[in-house]
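Trainee: Below is a structure I'd like to ask you about.
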Number of protein chains: 2
Amino acid sequence: MTKQIKLGAFLPGGGQHIAAWRHPHQPADGATSFEFHKQLAQTAERGLFDAYFLADGLAAPAAGGTEGGSAKVAGFEPLTLFSALAPLTKNIGFIATASTTYEEPYNLARKFASLDLISGGRAGWNVVTTATDAAAHNFNLDTQHPHEYRYQRAAEHVDVVKKLWDSFEDDAFVRDKTSGVFFDAAKVHATHHRGKFFKVKGPLNVPRSPQGQPVIVQAGQSESGRALAAATAEVIFTSHQHLHTAQAFYRDIKSRAKAVGRNPDHVLIMPGVAPFVGRTEEEAQEKYRQITSLIVESDGIALLNGLAGGAINLAEYDPDGPLPPLPVTEGMKSRPELIRQIADENNFTIRELYQWVATARGHFTIVGSAEQVADTLQTWFENDAADGFNILPPWLPGGLDDFIELVLPILQQRGLFRTAYEGRTLRENLGLPFAENRHTALHRAKVA
Amino acid sequence: MTKQIKLGAFLPGGGQHIAAWRHPHQPADGATSFEFHKQLAQTAERGLFDAYFLADGLAAPAAGGTEGGSAKVAGFEPLTLFSALAPLTKNIGFIATASTTYEEPYNLARKFASLDLISGGRAGWNVVTTATDAAAHNFNLDTQHPHEYRYQRAAEHVDVVKKLWDSFEDDAFVRDKTSGVFFDAAKVHATHHRGKFFKVKGPLNVPRSPQGQPVIVQAGQSESGRALAAATAEVIFTSHQHLHTAQAFYRDIKSRAKAVGRNPDHVLIMPGVAPFVGRTEEEAQEKYRQITSLIVESDGIALLNGLAGGAINLAEYDPDGPLPPLPVTEGMKSRPELIRQIADENNFTIRELYQWVATARGHFTIVGSAEQVADTLQTWFENDAADGFNILPPWLPGGLDDFIELVLPILQQRGLFRTAYEGRTLRENLGLPFAENRHTALHRAKVA
């Protein structure tokens, strides 16, 4: 079977575009409606998406507290939401974002293992270090930890979680009612981790799922982010405006993965794409203009302030003037660089910049006919820029429906996308191998 | 309407009795079967129980690691499990246990608020401090924090969580597409908590549910546990062997609640009851003998070791001899006292003791005909010993089915138990008031 495009769907109930909630065909209360999230999950599953993906933050967005315009001010916590959606679906995976900085490995390992078990092996963990002082203020800190500290902790955290997930070998449970032996104690493994950040004895009290372990997902773009992703991620969510930068990133990550002894085919690179799709290009442009016209200026500025790292207030600058130099913070490195790059390349004013990033915070935005969108995805996929894409529909459900109804049939006709799920677990659908238990593997190696 | 008995159901998929998994009518893999938990939730809802209740621990039970007999060695994490069960049910509440010692308030507040929203206002939080060194070893500690430290932290933790739950007033969301105003910033409240254990700025990024806030549940029996419960709990899970001790506890908690300015009717006392129910007393006795015969001795000893606080190994004593003095630890205070009391009152050997506590770790065990069980519950309910009961069926689903089919119709005939749910939220069914937002209340008070 030829390699095909993998697809994730970013479906926050409030929509992706900052003005999505004002769109005539988006429910204004979508962010906090469970029924709406259920509809989105079932729609994405009908569309044969590999996974439903949710970002997360550990603070109400700054704009939220003061301006009153943000629909992203409140919503569901991803792990509880996905647990609720899992029994209402059969095949689609669930990739939840969770923080290595503000969660303990034992707790996170348990919750993801539990979601993985509930869903029959459809869970993924998007590992984030949670940049922003706003989050730090909710966790006993006056300022956030330095960038390097967060990434060092993240690397150890993921290591501990993956060790904990292998506590029980897959055949550890005997459950022999006659003898009274429930499990084989030789197949239960304490973790005995003692590192710089964590001491975790284990074992975890949740067994493994049909896919072995949840899929590890990351989105680091900085040097430490790339190193972490190449070492541990199986899916990488990334952000590029151009084929050539996407190709450079793709080459870099695949060669880093190879350098640390991993199979590069088991590290899937999936850039974010926010598509405005029409039957014609003009129809797509009209959809773009419509939602752009709904942006509240103060929300647009607040969005840029957030992407810039929170240390500058662009409301103090002329919105029709150029983007001033951005201060370096201990927050995310990639986002300020990205908006700087977009502004410079397009010679955007502050207003033009927020209008552009309003769709998907700087992810690649395509405005075009279904054929044009399909062509672009095909070009990236066939030219070593992407193994798949994370689709960020600008508003919901319309933006998702458009993509499913107009773009997917073209990709399917070209043999580039599945017409039925290959398997029942997220790993099976992504073409990633079953995560063999390390202790089982070790035992097998010794015997052989 | 006359006051009626409230009922919680403790339904761990592996059954309550330590030998439950060996019972011919209990699925051996129940602890890790989502389908089985779904069946249990739907059965309890058909039985009109107020809530599905799950205990929790943050370590694989000690017996688990070494002996191989324990079916409780692994299972689901309660918050993810209950989130998955919520959309598959309509009325039953979900009371999840979670730890104030090993979770951050912002994370717990979010997860419970999210479950509360997903379930339409059916969530409850059983607040625990997680005694045991085994748990401490999974969270960077060599030994657990002292008992007093844990309770002080718990009191502040619950306070922070409840403040966070009131971040958004119920009418904060305007969602006016025309004006672009999504929420009223004057109705969003940062927490600004700075205490001994926590600094949490807030606001939380999850809104309130139809019941306002999740129901607070506690089970503290020690002096500090009772003080915490009287100050904050709305449901108290407790353990008594005798009517008179249950009455003394009931009086004590109600008067403590009154002393801190609370309405004692809004503090429901619900002792645990493990019923073996037969059509006749002899049939019940036979059910008790059957499951008792299935206990593996090493599991029984391990259970006692755990209840004793983990600092004594009773395997080194004659199982047919008396219970030796138990060391005082920094773990739970009430459990060692309880098994001491049961052993002394009944003049039990170690073997007789583990056989007795095997059913429900020392909770009140009733072996009798349906009439006898109903009579006992009625006596406790009508004589100020209980506002309701937490039912701990010894094995599943049979123990739950027996109670629903044989005991509940008698209580219903006597007018002591509902014949239909009173409401859709957990608070409505428990007869607890809607949790009014503190900021709304303050504003109302100022205006009045």
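Trainee: Cα to Cα, under 18 Å, and not fewer than 8 places away if on the same chain: which lysines meet these conditions relative to residue A:258?
Mentor: Of all the lysines, none pass the test against residue A:258 - Cα under 18 Å, at least 8 places apart if same chain.
Trainee: Sort shortest first the distances from residue A:196 to its counterpart in every other copy, using label points 7 Å along the Cα-to-beta-carbon line, and give them in nm.
Mentor: 3.4
Trainee: Any chance you could look up the accessible area of residue A:3 with a 1.4 Å probe, heavy atoms only, rounded to 10 Å²?
Mentor: 120 Å²
Trainee: Could you identify the residue of B sitting closest to the B-A rotation axis by Cβ and state that distance rounded to whole angstrom?
Mentor: Nearest Cβ to that rotation axis, in whole Å: B:83, 2.
Trainee: Now, a different point. Label position 7 Å from Cα toward Cβ: report the copy-to-copy distances for residue A:280 in nm, one decimal, ordered from shortest.
Mentor: 8.7
Trainee: Let me understand the protein assembly as shown better: what is its radius of gyration from the alpha carbons, and its Dmax, in angstrom?
Mentor: Cα-based Rg and Dmax for the protein assembly as shown come out at 28.0, 88 Å.
Trainee: How long are the three semi-axes of the equivalent ellipsoid of the stretch B:11-165, in whole Å, if each is the root of 5 times an eigenvalue of the C-alpha gyration tensor, listed from largest down?
Mentor: 26, 23, 11
Trainee: Among the aspartates and glutamates, which fall within straight-line cross-link reach of residue B:287, defined as a Cα-Cα distance under 18 Å, with same-chain neighbours fewer than 8 residues apart omitted?
Mentor: B:352, B:371, B:401, B:402, B:405
Trainee: Once Rh for chain A is found with the Kirkwood sum over Cα pairs, what is the Stokes-Einstein diffusion coefficient at 37 °C and 0.692 mPa s, in µm²/s?
Mentor: Here the translational diffusion coefficient equals 145 µm²/s.
Trainee: What whole-number distance in Å separates the alpha-carbon centres of the stretch B:28-103 and the stretch B:370-419?
Mentor: Taking the Cα centre of each part, the stretch B:28-103 and the stretch B:370-419 sit 22 Å apart.
Trainee: Shortest first, in nm, what separates the label point of residue B:446 from those of the same position in the other copies (7 Å along Cα→Cβ)?
Mentor: Going from nearest to farthest copy, the values are 6.9 nm.
Trainee: Taking each residue of A:225-235 in turn, how many C-beta atoms of other protein chains fall within 10 Å of its C-beta, and what is the average?
Mentor: That average works out to 0.
Trainee: Starting from the stretch A:157-212, pick out the trypsin sites (Lys or Arg not before Pro) whose DSSP state is loop and whose Cβ has at most 13 other Cβ atoms within 10 Å.
Mentor: Within the stretch A:157-212, the qualifying trypsin sites (Lys or Arg not before Pro) (loop, at most 13 other Cβ atoms within 10 Å) are A:196.
Trainee: Which of B:69, B:14, B:121 moves the most in a Gaussian network model of chain B with Cα springs under 10 Å?
Mentor: B:69
Trainee: Which log10 I(q)/I(0) values, to two decimals, does the stretch B:296-357 give at q = 0.15, 0.27 Å⁻¹ under the Debye formula with one point per Cα?
Mentor: Calculated log10 I(q)/I(0) at the listed q: -0.36, -1.25.
Trainee: At a Cα cut-off below 19 Å, give the lysines reachable from residue B:3, other chains included and same-chain residues fewer than 8 away excluded.
Mentor: B:254
Trainee: Now a separate question. Contact order normalised by length for the stretch B:1-153, with contacts defined as Cα pairs under 8 Å and 6 or more residues apart; what percent is it?
Mentor: Contact order relative to length: 20 percent.
Trainee: Given the DSSP H assignment, sum -39500 (n - 2.57) over each helix run of at least 4 residues in chain B and divide by its residue total; what's the result at 222 nm in deg cm²/dmol, nearest 500?
Mentor: Calculated at 222 nm, the ellipticity per residue is -11500 deg cm²/dmol.
Trainee: Another one. My understanding is that a pair violates if its Cα-Cα distance is over 19 Å; which of B:196/B:446; B:162/B:199; A:111/B:72; A:38/B:90; B:38/B:90 do that in this structure?
Mentor: In this structure, B:196/B:446 exceed 19 Å between Cα atoms.
The values are calculated or read from the model by the stated rules, or taken from the named source; none is laboratory data. Everything quoted here is computed from the prediction, not taken from an experiment. Counting neighbours? That spans all protein chains shown, and the Cβs are built from the backbone with ideal geometry, glycine included. Remember, those area values only see protein heavy atoms, side chains included, never the ligands or the DNA or RNA. Shrake-Rupley method; radii C 1.70, N 1.55, O 1.52, S 1.80 Å.
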